[in-house]
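Encoded as structure tokens, the structure appears first; notes follow it.
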Amino acid sequence: MALSTVSALAFSVFLVVHNDRFQPFEAAVGFAVFGYFFTCMLIPRLAPMFVKRGLFGKDMSKVGKPVTPETIGVIPAVCYLFLMILFIPFMYVRYYYNQSDNSVALSEPASLFPNGKLSSFLSGMLCLESMILLGMMDDLFDIRWRHKFFLPAIAAIPLLVIYYVDFGVTSVLIPNFIRNSFHIAGTAVDLGIFYYLYMGAVAIFCPNSVNILAGINGLEVGQTVVIAALLILNDLTYLFMGDIASAAYSVHLYSCSMLIPFMGVALALLRFNWYPARVFVGDTWCYFSGMVFAVVGISGHFAKTLMLFFVPQIFNFIYSAPQLFGLVPCPRHRLPHFNAKDGLMYNSWTEYTRETPLKPVMAAVFPILERLKLIRLVRNPQGRITKSSNMTLINLVIIWFGPKREDVLCEIILLLQFLVGFVMLALRHTVIPILFGFDNSWNMLQRFYM
Ligand code: UD1
Ligand code: MG
């Protein structure tokens with residue numbers, strides 16, 4: 001084992017063990033370092049066994065389409081679950097110490113997690129286990145998407161029940177300018193059951209949206225690394241600028257305690273999935289990682305803010321909707337086309353034939369999208385549309401920026417994800433509080449905890 005690995009592992013053990021008062025933040029960093037190296041050690045050892053068991057795919061964007069181990073995302077996912085189980089004492093035992101140690105109790109009450117909050121944590125873990133199971137089933141049996149689409153909402157039921165019992169806030173704030181324009185008396189509107197439906201929709205959306213922004217090396221896991229980094233940045237703004245005694249501090253410490261170890265295992269997976277990919281992550285990773293974000297957003301009470309970091313995924317979903325909902329034929333794979341002659345990725349096409357004709361409504365919409373540079377069309381000499389580019393963000397980036405090598409294409413999309421998310425983060429902490437009059441999460445949480 002290399003010296004750097006040994007010293008990193010020693011550092012992680014130090015962070016976790018020196019911690020006589022069970023500090024969650026240091027322990028999270030320690031577990032992330034440990035998770036990274038452990039996952040890096042396991043993937044190359046276990047990947048050949050996946051191929052032996054038939055779990056492999058063909059890398060469509062390489063010469064000769066080499067066989068590549070698939071479903072490897074299950075390794076970091078299971079590592080994460082075990083790390084989080086080991087993490088439980090660091091999150092919840094400290095509160096017990098706090099009861100008998102007044103000096104700690106008075107100085108930092110909000111940095112502790114009361115034992116009662118363990119139910120929220122465990123419901124999150126249960127939810128993630130269900131998603132790993134669903135992902136594995138999908139990788140093994142290729143479940144049709146209309147059959148698996150709603151399952152994440154069922155997996156999220158324990159989480160929603162805990163939200164109902166523990167927190168129960170279902171009102172959303174009305175921006176100042178709307179209240180003033182329409183002379184509305186209250187500051188918030190209660191959505192009741194619709195807020196639970198919204199959270200169920202978040203649980204469905206996050207895993208599926210990661211799975212459909214896919215098809216080039218590094219993108220499935222890369223997007224989850226960027227989203228996790230943005231969420232951790234959001235948490236750190238509360239931890240560094242917020243009041244240590246506030247409820248928001250506690251909630252965001254909880255969120256980053258979940259996300260930092262996730263980051264460790266995700267970076268390890270990215271190392272092996274980055275171009276040229278040595279492994280494929282499989283649907284297991286897409287469902288699991290998407291659900292990690294839904295769990296953190298729902299149990300951290302920021303399910304609305306969470307969506308600010310999913311803007312590219314929301315765009316990709318809306319843009320894909322005609323293909324997802326059958327208005328436009330949807331081939332099994334919509335990933336871009338690899339041209340072996342120049343080694344670049346070109347947009348892929350949906351072709352219209354007698355059996356799969358272009359629907360009249362889309363024949364009317366497509367020319368408008370073409371003018372807006374949102375689609376590429378091919379017409380026959382009679383002017384009839386014979387092909388249209390597949391409607392994914394990846395193909396659109398190729399239409400905008402031209403053919404690219406696979407890794408450059410992935411870098412452009414990840415950069416886009418980071419920049420859009422960063423702008424959203426800045427707006428979240430500047431313009432949005434001004435529009436709403438006061439900080440939403442801060443106030444509601446204060447009501448809940450105090
Ligand atoms: C989703 C997309 C599909 C896309 C596929 C790529 C929708 C509705 N579905 O389907 O259009 O083609 O993801 O993952 O948008 N692969 C590569 N290189 C990669 C990653 C994947 O060649 O970097 C290929 C491999 O053959 C691999 C297969 O894609 O075996 C995995 O596809 P899978 O995840 O099963 O597809 P879906 O999630 O069903
Ligand atoms: Mg997939």
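The values are calculated or read from the model by the stated rules, or taken from the named source; none is laboratory data. All of these numbers come straight from a predicted model, not from anything done at the bench. Don't worry about glycine lacking a Cβ; one is built from the backbone with ideal geometry, like all the others, and counts go over all protein chains shown. For accessibility, only protein heavy atoms count, side chains too; no ligands or nucleic acids. Shrake-Rupley method; radii C 1.70, N 1.55, O 1.52, S 1.80 Å.
For the chain, with all protein chains in place and a probe radius of 1.4 Å, 68% of the accessible heavy-atom surface sits on carbon or sulfur. Rounded to 0.05, the FRET efficiency of the L415 and V93 pair, given R0 = 41 Å and the Cβ-Cβ distance, is 0.50.
Projecting the Cα atoms of F194, F317, A228 onto the dipole axis of the chain, where Lys and Arg carry +1 and Asp and Glu carry -1 at the beta carbon, places F317 farthest toward the positive end.
The residue among S171, F302, V420 whose Cα reaches farthest toward the positive pole of the charge dipole of the chain, with charges on the beta-carbon of Lys, Arg, Asp and Glu, is V420.
Across segment 68-80, computed HN-Hα scalar couplings (Karplus, 6.51 cos²θ - 1.76 cosθ + 1.60, θ = phi - 60°) run 10, x, 10, 6, 5, x, 5, 5, x, 5, 5, 4, 4 Hz from first to last residue, x flagging Gly and Pro. Protein heavy-atom accessible surface, 1.4 Å probe, per residue over segment 122-261: 41 Å².
Give, as a single signed number, the net charge of other residues whose beta carbon lies under 14 Å from the beta carbon of P336, with Lys and Arg counted +1 and Asp and Glu -1. Spelling it out: positives minus negatives among the neighbours equals +1. For segment 306-416, the per residue solvent-accessible surface stands at 52 Å², with DNA, RNA and ligands left out and a 1.4 Å probe. Paramagnetic label reach from V67 (point 7 Å along Cα→Cβ; backbone nitrogen cut-off under 18 Å): within segment 276-303, residues 277-282.
Amide H to amide H distances under 5 Å link K404 with M345, where only residues 5 or more positions off or on other chains count and H is placed in the peptide plane. When H337, H252, H301, H429 are compared by accessible area of protein heavy atoms, the largest-first order is H337, H429, H301, H252, using a 1.4 Å probe.
Per DSSP H run of n ≥ 4, the term is -39500 (n - 2.57); total these for the chain, divide by its residue number, and report the mean residue ellipticity at 222 nm rounded to 500 deg cm²/dmol. Provide the component values of the computation, followed by the final result.
Values: 20 runs with 294 residues, N = 450.
That calculation yields -21500 deg cm²/dmol at 222 nm.
Each listed q (0.13 Å⁻¹) maps to a log10 I(q)/I(0) for segment 304-438 from the Debye sum over equal C-alpha point scatterers, namely -0.66.
Remark: spin-label model distance I399-S4 equals 4.2 nm, labels positioned 7 Å along the Cα→Cβ axis.
How big is the charge dipole of segment 350-420 about its Cα centre, in debye rounded to the nearest 20, if each Lys and Arg gets +1 on its Cβ and each Asp and Glu gets -1 on its Cβ? Could the numbers behind the result be given before it?
Working: 10 positive and 6 negative charges, 78 e Å.
For segment 350-420, the charge dipole is close to 380 debye.
Computed from label points 7 Å out along Cα-Cβ, the spacing between I314 and W274 is 3.0 nm.
When ranked by the protection proxy of mean other Cβ atoms within 10 Å per residue, highest first, what sequence do the peptides 319-330, 357-368, 286-297 form?
Details: 319-330: 16.8, 357-368: 13.3, 286-297: 27.8.
Those peptides, ordered most packed to least, come out 286-297, 319-330, 357-368.
Whole-Hz Karplus values for segment 406-413 come out as 3, 6, 5, 4, 5, 4, 4, 5 Hz, taken residue by residue from phi with 6.51 cos²θ - 1.76 cosθ + 1.60 and θ = phi - 60°; glycine and proline positions read x. Computed with a 1.4 Å probe over protein heavy atoms only, the accessible area of D190 comes to about 110 Å². Across the chain, how many lysine pairs separated by 8 or more positions, or lying on different chains, have Cα atoms within less than 23 Å? Lysine pairs meeting both conditions in the chain amount to 16.
Ranking F240, T386, L435 by Cα position along the charge dipole of the chain, where only Lys, Arg, Asp and Glu carry charges on their C-beta atoms, puts T386 farthest toward the positive end. Here segment 144-269 is assigned +1 on the Cβ of each Lys and Arg and -1 on the Cβ of each Asp and Glu. Its dipole about the Cα centre then comes out at about 440 debye. With a Förster radius of 60 Å applied to the C-beta separation of I85 and V378, the computed FRET efficiency comes to 0.65.
Which shape class, rounded, prolate or oblate, goes with the chain when its Cα gyration tensor gives a ≥ b ≥ c as root eigenvalues, a/c under 1.5 marks rounded, and past that a/b bigger than b/c marks prolate?
On the way: a/c = 2.13, a/b = 1.34, b/c = 1.59.
The shape class here is oblate.
Here r is the Cβ-Cβ distance between A363 and L191 and R0 is 25 Å; the resulting FRET efficiency, rounded to 0.05, is 0.05.
Specify whether the C-alpha gyration tensor of segment 222-361 places it in the rounded, prolate or oblate class, a ≥ b ≥ c being the square roots of the eigenvalues: rounded for a/c under 1.5, otherwise prolate if a/b is larger than b/c and oblate if not.
prolate
Expressed as a whole percent, the proportion of Cα-Cα pairs in segment 338-389 lying more than 19 Å apart is 33%.
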